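Below you'll find the structure, written out as structure tokens, and then a few comments.
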Amino acid sequence: MKLWLVLMLVWQCHTTALANEAAPLAEDPVVEQRLLTIAEELRCLVCQNESLAGSRADLALDLRRELRTLIKAGKTDAEIKTFLVDRYGEFVLYRPPVKPTTWLLWFGPVLLLLGAVWMLLRWIRRNQHTTAPQKLTDEQRTKAQALLQNTDTPP
Amino acid sequence: MKKTLIPLAIFGVLLVFLAIGLTRDPKEIPSPLIGKPAPVFTAPVLNGQGAVFRSKDMLGKVWLLNTWASWCVACRYEHPILVEFAKSKTIPMVGLDYKDQDAAGIQWLSRYGNPYDVTVTDKDGRIGIDFGVYGVPESFLIDQAGVIRYKQIGPFTEEVIKDTLIPLIRELQP
């Protein structure tokens, strides 16, 4: 059993060593899948509107290579993200962490929405007041009655 | 009267924010490494016949790490400024030839002058990644304790050297 494990490990080391020299496409699909999931959430620093997964910039290639090594070393997603944040800052994260300096970013839109709803309610209420039924003067009343009587009776 | 002023005020605030936004360069991403210990590295010396540079050996000195490459256009602009600054022998300067070929780097230095006390190579860009380099040239001012005190993103200009770098060095050097 132990011998098998050792053999398996040796075999795996051997294949990964070979894979390092092969083209990236030929690499372990599991690693590639994880790399893609993580890199989709990260910003490429050279072309800032592209994700690290999609960018063809030289730096993105290098960083994907770094991430592959980290994935193979058994690092968790959080550890890999920390690796990049420690070097490039939180700017690399497309989903910034919730903390006092990013509160405005996270909750600002909700505040704006609440403010808009409040203003809308105020506006509606004010308009209701102005359109409240007004009392008719006696003169207006007789005029209205005259108009009503003049209309043809429906068949 | 008052009510018509409210949208105008909101517009004014928006205008101020947009104006501030225009003065900022989105390419300049503040480094999280400022105030933190510089990554420790060992690297082969360019044209050093197997000699190795250890960043630890620089402890106790204020020094400048300047990343450059022979393929980097902005470095061409920065280089004469660095050559001029190096003449003053203010601080040791270490060049990091980032993702470059040795022959090209050596040729570049012999053609445009060598401001560096030592130049090391970073062929696969690993050291660059540890320093959070995303576009050469970038430079790091490192103090006696090995802490990064300043990062210059993009080429140094004469003004930046005179108004920022030199005062900072004076502050750090006893």
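General observations
- Scanning the stretch B:132-161 for residues that are within 11 Å of B:Leu65 (Cα to Cα) and of a type in the set (Ser, Thr, Tyr) returns B:Ser139, B:Tyr150.
- Test: B:Ile127 is among the hydrophobic types (A, V, I, L, M, F, W, C), assigned to a loop (DSSP other than H, G, I, E, B) and touching a Leu at 6+ places or on another chain (Cβ under 7 Å): no
- Taken together, the criteria exclude B:Tyr77 from residues that are surrounded by fewer than 20 Cβ atoms within 10 Å (Cβ to Cβ) and within 11 Å of the chain's Cα centre (by Cα).
- The condition (being at pLDDT 90 or above, in a helix (DSSP H, G or I) and of a type in the set (A, V, I, L, M)) is satisfied by just one residue among A:Leu59, A:Leu9: A:Leu59.
- Single match in A:Val85, A:Val117, A:Val92, A:Val110 (criterion: free of Cβ contacts under 8 Å to residues at least 24 places away in the same chain and closer than 25 Å to A:Glu40 by Cβ): A:Val85
- Residues of the stretch A:49-71 classified as within 11 Å of another protein chain (Cβ to nearest Cβ) and either more than 21 Å from A:Thr82 (Cβ to Cβ) or touching a Lys or Arg at 6+ places or on another chain (Cβ under 7 Å) (or both), total: 4
- Only residues that are part of a loop (DSSP other than H, G, I, E, B) and either modelled with pLDDT under 95 or surrounded by fewer than 17 Cβ atoms within 10 Å (Cβ to Cβ) (or both) were counted across the stretch B:156-174, and they come to 3.
- Residue that is farthest from A:Cys47 (Cα to Cα), among those in the stretch B:139-158 that are touching a Leu at 6+ places or on another chain (Cβ under 9 Å) and within 14 Å of chain A (Cβ to nearest Cβ): B:Ile148
- When the residues of the stretch B:9-67 are filtered to those that are assigned to a helix (DSSP H, G or I) and not aliphatic (A, V, I, L, M), the one that is nearest to the other protein chains (Cβ to nearest Cβ) is B:Phe17.
- Every pair of residues 6+ apart whose Cβ atoms lie under 7 Å, when the first sits in the stretch A:52-65 and is among the basic types (Lys, Arg) while the second is crowded, with 16+ Cβ neighbours inside 10 Å and modelled with pLDDT of 90 or more: A:Arg64/A:Leu35; A:Arg64/A:Ala39; A:Arg64/A:Leu52
- A single member of B:Gly113, B:Gly132, B:Gly125 is on the phi > 0 side of the Ramachandran plot, within 14 Å of another protein chain (Cβ to nearest Cβ) and over 14 Å from the mean Cα position of the chain (by Cα), and it is B:Gly125.
The values are calculated or read from the model by the stated rules, or taken from the named source; none is laboratory data. Please read all numbers here as calculations on a predicted model, not as lab measurements. Counting neighbours? That spans all protein chains shown, and the Cβs are built from the backbone with ideal geometry, glycine included.
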